[in-house]
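Input: a single structure, listed below in structure tokens.
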């Protein structure tokens, strides 16, 4: 059976598990919010801890926090950032809208650890000095999202682009039937198709970078409502210096800190760009599924790696499981973005009151997208094989090639030739030779699939 100790806060006594590092306010939140069983992501807790560390350094340099408590707080933060005591942050993400419960959870754990060395460290008076939950949590949203983007998400997207580029270069001369409306269209190369995916990802990455740049502006120092009450006038600048020294990033203080506390416009914009990246991954995943379809009665242009049996009843069936997983990730990210959009509308006067949801969802989105991009790169893009004969056969029999004859014979005659080729199943060049005045040599020049992938007006 769990043994308890008694802790006190401004509301009275609370029973807390004897070995827990947290105190009364954390325990109240644990008791009050038995919602999802999902605490705030570890990356978010790390962000709050980094804020506490930087704040202690700033307060020390301003002469507000004595050397002993300051050093003890920094040491406790360092231990937490090494991954120690991960189980001490149990507060559910669906909690008070300011994230006060998570802020106090971190304050109490740091104070407990800091006090173990003999220093008397109070969670509110020392660890939370010059701060409020109302500027700590918005700042943590920015810090955790920026850190994840730089360290995890952007490397994953870049890796996927690199894998695509490898295949794009290798398959640059492989001609296939283009498709619009899922119907046969003019030829393209696999290289062109792959480059399209890569360019989409590059553009999505650039949009994410711009959103990250906006998140480098943080409201720390605004305290309760944005005015900076109970914080030294130089606290925000000293805090920024300490945080940048710790992270190596280029955070800057918001001139009007109300902006980052009453609204979450920057995180909402970041969420939108993550949704955009998800849309790109969904397009790539669906293209791969179509190209792999069959293998007998589908397009069968490529064969994705066979990773696991595809059916519990149909022997030999293999499904495109990686693109399917990526598509589900994309759908989930789009849903999380919708929740953030709703949360962004919940700024009531001087405070948004859905901050934990925004922080948790952003990190969930980045985590899912990063893993999906790596998985798609290494388990689908890297090793799919091309069914060259199938591609060539489809191109040769594609009546839409007649489009290249429009400038020579006119649209009406070209349409008649195409219909005959469709009806008879004969190659377009044979039908065209019978129904127009162009020589076989001229037709071969005009209908050369590789030339058609380069645009312009062909012929020789």
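The values are calculated or read from the model by the stated rules, or taken from the named source; none is laboratory data. From a predicted model like this one, the values you see are computed outputs, not experimental measurements. Because the Cβ atoms are built from the backbone with ideal geometry, glycine has one as well, and the counts that use them run over all protein chains shown.
What residue, of 231, 242, 236, 204, is in contact with a strand residue (DSSP E or B) (Cβ under 9 Å, 6 or more places away or on another chain) and not assigned by TED's automatic domain parsing to the domain that holds residue 51?
Just one listed residue meets the conditions, 236.
Suppose we filter the stretch 418-429 for residues that are outside any loop (DSSP other than H, G, I, E, B) and either surrounded by 15 or more Cβ atoms within 10 Å (Cβ to Cβ) or touching a strand residue (DSSP E or B) at 6+ places or on another chain (Cβ under 7 Å) (or both); how many remain?
Residues in the stretch 418-429 being outside any loop (DSSP other than H, G, I, E, B) and either surrounded by 15 or more Cβ atoms within 10 Å (Cβ to Cβ) or touching a strand residue (DSSP E or B) at 6+ places or on another chain (Cβ under 7 Å) (or both): 6 in total.
I'd like to check something: does the stretch 408-417 contain any residue that is within 25 Å of residue 173 (Cα to Cα) and assigned to a helix (DSSP H, G or I)?
Within the stretch 408-417, none of the residues are within 25 Å of residue 173 (Cα to Cα) and assigned to a helix (DSSP H, G or I).
Those residues that are crowded, with 20+ Cβ neighbours inside 10 Å and in contact with a helix residue (DSSP H, G or I) (Cβ under 7 Å, 6 or more places away or on another chain), I need them from the stretch 375-394; list them, please.
376, 377, 380, 381
Could you list, in sequence order, all residues of the stretch 338-353 that are surrounded by fewer than 22 Cβ atoms within 10 Å (Cβ to Cβ), at pLDDT 95 or above and in contact with a helix residue (DSSP H, G or I) (Cβ under 8 Å, 6 or more places away or on another chain)?
339, 341, 344, 349, 350
So residue 187 passes all but one of these: (1) closer than 16 Å to residue 41 by Cβ; (2) in contact (Cβ under 8 Å) with a residue 60 or more places away in the chain. Which condition number does it fail?
Tallying (1) closer than 16 Å to residue 41 by Cβ; (2) in contact (Cβ under 8 Å) with a residue 60 or more places away in the chain, residue 187 fails exactly one: (1).
Condition test on residue 401, is it surrounded by 21 or more Cβ atoms within 10 Å (Cβ to Cβ) and in a helix (DSSP H, G or I)?
Here the answer is yes, as residue 401 does meet what is asked.
How many of the residues in the stretch 270-297 are in contact with a helix residue (DSSP H, G or I) (Cβ under 8 Å, 6 or more places away or on another chain) and either in a loop (DSSP other than H, G, I, E, B) or not assigned by TED's automatic domain parsing to the domain that holds residue 155 (or both)?
0
Restricting attention to the stretch 353-371, does a residue exist that is outside any helix (DSSP H, G or I), touching a residue at least 24 places away in the same chain (Cβ under 8 Å) and in the same structural domain as residue 154 (by TED's automatic domain parsing)?
yes
Return a yes/no flag: does the stretch 255-266 have any residue that is in contact with a strand residue (DSSP E or B) (Cβ under 6 Å, 6 or more places away or on another chain), under 19 Å from residue 365 (Cβ atoms) and assigned to a loop (DSSP other than H, G, I, E, B).
Within the stretch 255-266 (the criterion being in contact with a strand residue (DSSP E or B) (Cβ under 6 Å, 6 or more places away or on another chain), under 19 Å from residue 365 (Cβ atoms) and assigned to a loop (DSSP other than H, G, I, E, B)), the answer is yes, since at least one residue qualifies.
Take the stretch 56-82 and flag every residue that is within 29 Å of residue 343 (Cβ to Cβ) and surrounded by fewer than 16 Cβ atoms within 10 Å (Cβ to Cβ).
Scanning the stretch 56-82 gives a single hit, 81.
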